[in-house]
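Below is one structure, written out as structure tokens; the observations come after it.
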Amino acid sequence: MAMTLNICRIDCASEDASEAIRELRRQLGPGGDVVSPQGRDRTVTAFGEPLTPRQVVERICADVRCRGLDAVLDHTARLDGVRLDPASVRVSREELVAAWRAADPAYLRTLRRIRDSILSFQTGILHRDAILKRGPSGEQRLRYLPLHRVGVCIPGSVAAYPSSLLMTVVPAQAAGVEEIAVVVPPTPFGGYNPDLLAACHALGVIEVHRVGGAQAVAALAYGVAGIEPVDKIVGPGNLFVALAKQQVFGEVDIDGLAGPSEVVQIADASADPRFVAADLISQAEHSPGASVLITWEADLIDRVADAMAQQLSRLSRGDLARESLERFGALIQVRDEDEAVALSNRIAPEHLHLTTDEPDRLAARLTNAGAIFLGHYTPVAVGDYAAGLSHVLPTGGTARWASGLCSNDFLRRTSMITVTRAGLAQMAPDIRILADKEGLPAHRHSVDVRLEVGPEP
């Protein structure tokens, strides 16, 4: 018999609905301090006091910046329980090749198909140089060049994620990034996982380091012995990784501040409660992961809750998913479709799944989401694994202004301007007025001195 699922239920007609939704959003952002009890215990053991996640990250980053690789190894030993020496941090080429040779051929074929799908899409959307001719006056250009060196963070504490490797490395390769350094925790799911190492070799990644957490982010940003500093750090991770990326931003670029994985489903009477339940559970099994159903069909909420309880009892990670659903999940009843749209735009979820009979019509009104999945047969898992769009997406409500990772995020754009003497003479009056208004006479003079001399030969 399936256990009852104690998931939060919110009726938007009630007086306390707004506060309940606000609290749900707050605890899922980087300021929500969503850390597992095991993670908090490790923090106390490592630092001797119950520091906040932000305090932990600040200490680690400062230590790595000061002491380099020694600090990285110390924090890895204290937080991950793994003692590495400098020679064992980087995965050798022989290990990568051996993992690839021992891999299941079907798995390698899957990697190739998904890589090709991602590469096709990411190359197709790549920015191209733009040139605007100004006749005889000159021209303006926008030139795009790839970043030289990028760091990629891959999780590996509770599961292996070759999909995250694909979704970060391949867009960077599509952009033309020359050097890609992958960091992954020194765990059976991370730096010692043969499937992940085989995927690295299959993608042509030759630099893999067995380092995770905030110390890995700091190593990539500041550089330590054996790890050169990068230009940008991308990839998912836990709260400590997100806060570390925030800490080093400015020293390097970052893709964003990822929080717990999340999905909002908007469903109508056409939705199959078994499908809805499965999709809510799939995000919750990330543990932590947030799963929210929004519907104006009152009976659908009960049917979905029953379906979730039944499915959780049959899944190997059902207990983890149940914990997330009961901590961060919600079944929300709204009055109508209009209220569903307004609430979803307010939440601004990472994944938004429209399980309705007219998803395209509804999608036109939904403006805040990292990725939108339309229809009954488009589960989020399609985007997680095979569709070609990166699954590194904005979380914690940042989809109001942020976008998912793509190949263009690995490009730098540079403005290039060419002006003839005639063109300069045409613009000179406007330049003089603004320079005078701003009290910058040297700006005006840099134009005047050119127009005082004779015309171009």
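Scanning segment 313-340 for residues that are under 27 Å from the mean Cα position of the chain (by Cα) and over 14 Å from VAL292 (Cβ atoms) yields LEU315, SER316, ARG317, GLY318, ASP319, LEU320, ALA321, ARG322, GLU323.
Only one entry of GLU49, GLU94 meets the criterion of being part of a loop (DSSP other than H, G, I, E, B) and loosely packed, with under 13 Cβ neighbours inside 10 Å, and that entry is GLU49.
Is there a residue being within 17 Å of the chain's Cα centre (by Cα), in a strand (DSSP E or B), at pLDDT 95 or above and assigned by TED's automatic domain parsing to the domain that holds GLY235 anywhere in segment 168-178? Looking through segment 168-178, none of the residues is within 17 Å of the chain's Cα centre (by Cα), in a strand (DSSP E or B), at pLDDT 95 or above and assigned by TED's automatic domain parsing to the domain that holds GLY235. Where strands (runs of 3 or more DSSP E) fall wholly inside segment 340-457, no range has 2 or more residues that are under 30 Å from VAL304 (Cβ atoms), of a type in the set (Ser, Thr, Tyr) and at pLDDT below 95. Restricted to segment 1-31, and to residues there that are over 23 Å from THR395 (Cα atoms) and among the charged types (D, E, K, R), the residue that is modelled with the lowest pLDDT is GLU15. The residues of segment 146-167 that are more than 17 Å from the chain's Cα centre (by Cα) and either in a strand (DSSP E or B) or more than 22 Å from PRO260 (Cα to Cα) (or both), listed by number, are PRO146, LEU147, HIS148, ARG149. Note on segment 290-306: residues that are buried (at least 19 other Cβ atoms within 10 Å of the Cβ), small (Gly, Ala, Ser) and closer than 20 Å to LEU362 by Cβ amount to 1. Quick check on segment 357-368. Is at least one of its residues buried (at least 22 other Cβ atoms within 10 Å of the Cβ) and in contact with a strand residue (DSSP E or B) (Cβ under 7 Å, 6 or more places away or on another chain)? Taking every residue of segment 357-368 in turn, none turns out to be buried (at least 22 other Cβ atoms within 10 Å of the Cβ) and in contact with a strand residue (DSSP E or B) (Cβ under 7 Å, 6 or more places away or on another chain).
Of all residues in segment 223-237, none are assigned by TED's automatic domain parsing to the domain that holds TYR161 and assigned to a helix (DSSP H, G or I).
For segment 53-64, filtering for residues that are surrounded by fewer than 18 Cβ atoms within 10 Å (Cβ to Cβ) and at pLDDT 95 or above leaves 3. For segment 408-418, the criterion of being under 24 Å from VAL252 (Cα atoms), within 14 Å of the chain's Cα centre (by Cα) and of a type in the set (Gly, Ala, Ser) is met by none of the residues. Just one of the listed residues (ALA199, ALA225, ALA221) is closer than 12 Å to VAL183 by Cβ and not aromatic (Phe, Trp, Tyr), namely ALA221.
Among residues of segment 7-19 that are within 16 Å of ILE347 (Cβ to Cβ) and in the same structural domain as GLY329 (by TED's automatic domain parsing), those with a beta-carbon under 8 Å from a residue that is surrounded by 10 or more Cβ atoms within 10 Å (Cβ to Cβ) and among the basic types (Lys, Arg) at least six positions away or on a different chain give the pairs CYS12/ARG335. In segment 307-319, the qualifying residues are those that are in contact (Cβ under 8 Å) with a residue 40 or more places away in the chain and part of a helix (DSSP H, G or I), and the one that is surrounded by the most Cβ atoms within 10 Å (Cβ to Cβ) is MET308.
The values are calculated or read from the model by the stated rules, or taken from the named source; none is laboratory data. What you are looking at is a predicted structure, and each value in this text was computed from that prediction instead of being measured. Because the Cβ atoms are built from the backbone with ideal geometry, glycine has one as well, and the counts that use them run over all protein chains shown.
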